[in-house]
Amino acid sequence: MAISSAAYQLDLDKLKAILKIVEISMAKAEEVRKITDGCDIGAVPPFGNLFGLPVYVDERLLENEIIAFNTGTHTDSIKMKSKDFVKVVKPEIGKFAKFEK
C-alpha cells in the first residue's frame, strides 16, 4: 500500500525503483474490495498492516502535524497526528509522489 498526500500523485517509476521491481500497477476496484474486506477505492484507511499489506508513505505527507483520512467509507474520516500514525503503522518512508496540477 502506497500512501501520499491527496495533493500529490504516485510516481510509479519512483515506487518501482524503491521496491526494486520491474512492473507495478494500481489495483482494480474489485481487487481493493477483496483485499480490504469491502472498502472502495478512495475510502481505504491507510492502515495496510491491518490487511496484511506492507505500507509505504511518501515523506511529504509526514510534514503535516495532523493527517486526515477516510476510515472505510467516503463519508467517515478521522484526524491523527502523523507521528502517531508512524508509530502504529511502522511504514517504510520514501519519496515517490509528484505534484500534479
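Where a number appears in this text, it was derived from the coordinates with a stated rule and is not lab data. All figures in this text were calculated on a predicted structure; none of them were measured in a lab. No Cβ is skipped: glycine too gets one built from the backbone with ideal geometry, and neighbour counts run over all protein chains shown.
Taking the criterion of being surrounded by 11 or more Cβ atoms within 10 Å (Cβ to Cβ) and in contact with a Ser or Thr (Cβ under 7 Å, 6 or more places away or on another chain), the only residue of region 72-89 that qualifies is S77.
In summary, E31 fulfils each of the numbered conditions (1) loosely packed, with under 13 Cβ neighbours inside 10 Å; (2) in contact (Cβ under 8 Å) with a residue 60 or more places away in the chain with the single exception of condition (2).
Under 16 Å from V89 (Cβ atoms), free of Cβ contacts under 8 Å to residues at least 40 places away in the same chain and out of contact with any Phe, Trp or Tyr (no Cβ under 9 Å at 6 or more places or on another chain): does that describe G38?
no
When region 1-26 is examined, which residues are found to be of a type in the set (S, T, Y), assigned to a loop (DSSP other than H, G, I, E, B) and within 17 Å of R60 (Cβ to Cβ)?
S4, S5
hydroxyl-bearing (S, T, Y) and touching a strand residue (DSSP E or B) at 6+ places or on another chain (Cβ under 7 Å): which single residue out of S25, S4 fits that description?
Only one candidate qualifies: S4.
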